[in-house]
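The values are calculated or read from the model by the stated rules, or taken from the named source; none is laboratory data. Since we're looking at a predicted model, the values are computed, not measured. All accessible areas refer to the heavy atoms of the entire protein, side chains included, with ligands and DNA or RNA removed. Shrake-Rupley method; radii C 1.70, N 1.55, O 1.52, S 1.80 Å.
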Amino acid sequence: LKRMKITDFGMCKMVRKQGGGNVGAGNAGTEAFMAPEVFHQDRTRYTDKVDIYSAAVVMWYTASGMGRMLNYRGQDPSWRPDLSWVEWDELGEIITESWAACPEQRPSATELLSR
């Protein structure tokens, strides 16, 4: 990946600096692109790693050519789309890391761009 742009389609939320990162609040967005912590943890706090999760879903859509996630299970935090549709192994690894259930296990945007 040489360039990645993360965009928002009008449902953005304010974030504030706290400690070493940004903290967001609320749960606006499209469910299929929302990180599990937005649904299942303290809904008043999450980090910019939710954007990494969303980027992984966008990468999956792009690489798989699928028009929608097959068998999407809503707010089930353990469910992910089928990676067999992604034929580029390195991208599959990036997607897997980026939609990890634990936000701390997801790479940063800087780490993604360095790959």
Filtering region 93-114 for residues that are of a type in the set (Gly, Ala, Ser) and open to solvent by less than 20 Å² (accessible area, probe 1.4 Å) leaves a count of 2
Pull up region 33-69, narrow it to residues that are open to solvent by 20 Å² or more (accessible area, probe 1.4 Å) and acidic (Asp, Glu), then point me to the one that is modelled with the lowest pLDDT.
42
